[in-house]
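Reading through the structure tokens given below for one structure.
FYI, it's all coordinate maths here, none of it is from the lab. Computed from a predicted model, the values in this text were never measured in an experiment. Backbone-built Cβ (ideal geometry, glycine too); neighbour counts: all protein chains shown.
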């Protein structure tokens with residue numbers, strides 16, 4: 001007999017059987033003795049086991065699968081699962097030599113709700129699910145043994161924790177006090193990262209290979225990098241031989257960091273930072289005589305739910321239409337989306353509409369996604385969220 005309380009499911013649709021999440025409406029019965037955060041056994045209406053999950057009635061995602069078998073979930077289990085995720089990264093082809101990468105990618109690594117990013121000798125950790133909280137100390141001890149970082153900094157200061165009934169948290173979990181900015185490298189680029197309070201866990205590691213792919217088109221180009229944040233796309237473009245890079249962002253702090261990163265790579269004489277709302281800036285520039293050889297669009301997610309997809313697509317169309325008008329003939333558009341509910345077909349249809357309205361011919365050279373350290377779980381479409389299109393505009 002299992003040591004875990006049994007949560008019984010309603011009959012599930014075939015496409016849901018392998019998904020790592022179970023929603024409240026898919027559950028037939030939860031024993032009254034079950035406490036949110038517990039590990040439970042998931043069974044179907046005939047009593048067949050589907051594996052183990054942790055439960056949280058507060059969350060829309062009521063069950064998050066840990067394993068499809070029934071086994072002891074203890075300190076050794078967590079250690080082994082973390083080691084598997086870290087070994088998975090060590091086995092990746094290293095075409096992009098770096099000391100910054102994602103070591104644990106939540107559900108895609110069988111560790112739902114857990115993010116671990118490495119920045120040189122610093123780990124940034126996000127604990128985003130209630131079921132992880134009882135294992136907090138176990139997880140940190142395992143990471144200390146497996147990675148041997150100088151510091152572990154928690155970045156659970158995100159609103160998704162509130163959906164789990166948890167308070168946001170941020171601060172040093174173990175090790176040395178960190179500098180204000182941590183230096184990492186991506187091949188030739190040296191980048192300063194704000195692990196304490198920067199976007200995501202400090203920077204957008206999922207775009208690393210896309211930054212290098214875009215830079216391959218940048219030699220001799222006048223580049224406009226919109227929604228630039230720390231200027232990483234701009235740094236790679238500059239190092240690849242761009243004639244001039246304009247990094248634009250609405251945040252003064254982001255513009256300052258972009259300036260520091262460009263200077264840190266010896267590119268300050270070919271760079272300017274513009275503090276501006278990129279929607280407004282693109283509109284103003286497209287109505288002016290100024291033109292560019294490359295425009296990079298890497299905006300934040302425009303939608304967090306399916307109900308706002310139409311509005312998000314209008315936003316994407318607006319910035320892409322303006323960017324297309326800003327490009328000289330044969331110019332390169334690098335257009336990205338990290339909106340989970342926007343898929344490849346929607347994004348390509350949006351680009352087609354923008355090109356029609358801008359009266360441009362667009363040829364897609366590359367259709368890219370997140371890097372391999374952010375793997376996609378085939379049975380969970382939600383784990384594929386990043387789109388990066390590189391195209392020629394005439």
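The stretch between residue 148 and residue 163, if pulled fully straight at 0.36 nm per residue, gains 2.2 nm over its current Cα-Cα span. Beta bridges per DSSP, both residues in the range 6-67: antiparallel share near 80 percent. Between 364, 115, 95, the residue with the greatest mean-square fluctuation in the GNM of the chain (Cα pairs under 10 Å linked by springs) is 95.
Kirkwood radius, the range 75-175, all distinct C-alpha pairs, inverse of mean reciprocal distance: 13.8 Å.
Kindly work out what percent of the DSSP beta bridges joining two residues of the chain are antiparallel, to the nearest 5.
65
Evaluated at q = 0.11, 0.12, 0.18 Å⁻¹, the base-10 log of the normalised Debye intensity for the range 204-393, with identical point scatterers placed on the Cα atoms, takes the values -0.44, -0.53, -1.24.
Computed from Cα positions, the angle between helix 252-264 and the longest principal axis of the chain comes to roughly 70 degrees. Mind telling me which of 105, 210, 265 comes out most flexible in a GNM of the chain, alpha-carbon contacts under 10 Å? Highest fluctuation among the options: 265.
Rounded to the nearest 10 degrees, the inclination of helix 309-326 to the longest alpha-carbon principal axis of the chain is 20 degrees. For residue 356 and residue 310, a Förster radius of 22 Å and the Cβ-Cβ distance give a FRET efficiency of 0.75, rounded to the nearest 0.05. Only Cα sites of the chain enter the Debye sum here, all with the same form factor; the resulting log10 I(q)/I(0) across q = 0.15 1/Å is -1.34, listed in q order. For the chain, the longest principal axis of the Cα atoms and the long axis of helix 75-90 meet at an angle of about 30 degrees. Considering every alpha-carbon pair of the range 6-67, the percent of pairs per 5 Å bin, from zero through the bin containing the longest distance, is 4, 20, 36, 30, 9, 2, 0.
The simple spin-label model puts a point 7 Å past each Cα toward its Cβ; for residue 46 and residue 177 those points are separated by 6.2 nm.
On the beta carbon distance between residue 269 and residue 170, with R0 = 56 Å, the FRET formula returns roughly 0.95.
DSSP bridge analysis restricted to the range 204-393 gives an antiparallel fraction near 40%, rounded to the nearest 5.
Using a cutoff of 8 angstrom between alpha carbon atoms and counting only pairs six or more residues apart, the relative contact order for the chain works out to 11 percent. Kirkwood radius, the range 288-394, all distinct C-alpha pairs, inverse of mean reciprocal distance: 14.2 Å. Take the Cα of residue 57, step 7 Å along the line toward its Cβ, and report every residue of the range 157-181 whose backbone nitrogen sits under 15 Å from that point. Only 165 pass the distance filter. Net length available on complete extension from residue 90 to residue 394 is 105.3 nm, with 0.36 nm assigned per residue and the Cα-Cα distance removed. Only helices enter the 222 nm calculation for the chain: every DSSP H run of n ≥ 4 contributes -39,500 (n - 2.57), and dividing by all residues gives -8000 deg cm²/dmol, rounded to 500. Computed FRET efficiency, Cβ-Cβ of residue 15 and residue 301, R0 22 Å: what is it to the nearest 0.05? Working from the Cβ atoms, E equals 0.35. Each peptide in 158-169, 8-19, 77-88, 218-229 receives the mean, over its residues, of other Cβ atoms within 10 Å, and ordering these scores from highest gives 218-229, 77-88, 158-169, 8-19.
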